[in-house]
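Structure record follows, encoded as structure tokens.
The values are calculated or read from the model by the stated rules, or taken from the named source; none is laboratory data. Note that the structure is a prediction, hence the values are computed from the model and not measured. Quick reminder, even Gly has a Cβ in these numbers, built from the backbone with ideal geometry, and neighbours come from all protein chains shown. Just so you know, the surface numbers come from the protein's heavy atoms only, side chains and all, with ligands and any DNA or RNA stripped out. Shrake-Rupley method; radii C 1.70, N 1.55, O 1.52, S 1.80 Å.
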Amino acid sequence: SVVAETLRQQIREDVAIVPGARPRLVGFLANKDPAARKYAEWTGRACTKDGIDYVLKEVEACDLEGALKEANEDSGVHGILIYYPVFGAEPSFYGGSMDDQLRDNIEPTKDVEGLCKKYRDNLYRNVRRVDKWRRSVVPCTPLAVVKCLEH
């Protein structure tokens, strides 16, 4: 769409600012859901077109929390996303669901979907900035609706 292409062009321009350096997005697939796999494939194609280094890591659901910890601590990883559902509505020891717990384990600085607790709280409270330099990440579906309405 025209709206998406305008935003993707901005992404390509932003990526090109630092020659020789490409942001790395790591996607975690920890389920057998064909829709999640298709979404992962689409993400990979889009990243390739936009100059983003995309790595798909397929892990067992029980190993995902540890893999997220490693990606959070890896300075070469700039963005993380999880292809849901992993555990679905299975309850968590910490409250909520296991998928909620996984979502909240992503560092806000690496959460590209805006679904971690920090960004959900910011969205609820209409807080637009994390700090002086960084904007809060808004979940993609509500943002897409706003962008379409603006167009």
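Brief remarks on what is shown
- Checking the cross-link pairs Lys69/Lys147; Lys32/Lys110; Lys38/Lys110 against a 31 Å limit on the alpha carbon distance flags Lys69/Lys147 as lying beyond it.
- Summed over the residues of the chain and divided among them, the accessible surface reaches 65 Å² per residue at a probe radius of 1.4 Å.
- Proximal aspartates and glutamates relative to Lys57, as straight alpha-carbon distance under 19 Å, when same-chain residues fewer than 8 apart are discounted: Asp33, Glu41, Glu65, Glu70, Glu73, Asp74, Asp99, Asp104, Glu107, Asp111, Glu113
- Relative packing of peptides 57-67, 128-138 - highest average C-beta neighbours within 10 Å first: 57-67, 128-138
- Accessible area of the chain belonging to carbon and sulfur atoms, whole % at 1.4 Å probe: 58 percent
- Pair-distance distribution of the range 41-124: all C-alpha pairs, bin width 10 Å, starting at 0; shares per bin in whole percent are 16, 48, 32, 4, 0.
- Summed residue charge, Cβ within 15 Å of Lys117's Cβ, Lys/Arg positive, Asp/Glu negative: -2
- Derived value for the chain: Kirkwood hydrodynamic radius 16.5 Å. Basis is the mean of 1/r over every pair of different alpha-carbon atoms.
- Summing charges over neighbours of Asp63, with a neighbour being any other residue whose Cβ is under 13 Å away from its Cβ, gives -2 when K and R count +1 and D and E count -1.
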